[in-house]
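The values are calculated or read from the model by the stated rules, or taken from the named source; none is laboratory data. A quick note: this is a predicted structure, and the numbers were derived from the prediction, not measured. Cβ placement follows ideal geometry from the backbone for every residue including glycine, while neighbour counts extend to all protein chains displayed.
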Number of protein chains: 2
Amino acid sequence: MVKLVAVYRKPEDPKAFDEHYFKAHLPLTKKMPGLVRWEIERGSGSPMPNAEIPYLTAHLYFDSMDALNASMKSDQGKAAAKDLMEFAGQYVKLYFAEIVEGEEVI
Amino acid sequence: MVKLVAVYRKPEDPKAFDEHYFKAHLPLTKKMPGLVRWEIERGSGSPMPNAEIPYLTAHLYFDSMDALNASMKSDQGKAAAKDLMEFAGQYVKLYFAEIVEGEEVI
């Protein structure tokens, strides 16, 4: 399993950002082919002084890097990327990651 | 659901770091009371130039901030934190996050 991770720093207008993110951008993201799971988290603090706390982080899961690359090249992926750059290009950093270990504790 | 997220930048000796992380530190982390799920990811690239790609990121899930705070104050939490600062204090940033939306796509 791999992820596309989008880390957003705090925007100048958080209310307008959230409005666009949840009502327009996230629905576009969810149309990306091959998406198998997503998780949106809101940074809420840190036990360390001076830590950078992301405002919002989106984790988009795909079965493989091939599936993720194909999704980013699809019409739906291009539409999501275009919207991202227009509304949050100055706030977002993207990276890819592989899940190396994960488990639910029963 | 909330998370404690540990973001590690690339260490000077990745082989020694991985050896300690997976054989010593992660087992200590898994003993923390109230841990309900974990996910370890390895940064693998970025579609953006000059993006900071985390070397390793650990997501530790708890039912609530109360449960997470209690876990960090427990003997097991203190043992994991002590080990963390000793082997990776110069590489790690910690933050808390709340899961605001997440779903499996069936």
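At-a-glance table
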read-out: Cβ pairs under 8 Å, 6+ apart, first in the range A:22-42 and touching a residue at least 24 places away in the same chain (Cβ under 8 Å) and surrounded by fewer than 14 Cβ atoms within 10 Å (Cβ to Cβ), second acidic (Asp, Glu) and part of a helix (DSSP H, G or I); value: A:24/A:83
read-out: The lone exception for residue B:1 - which of (1) loosely packed, with under 13 Cβ neighbours inside 10 Å; (2) at pLDDT below 95 it fails; value: (1)
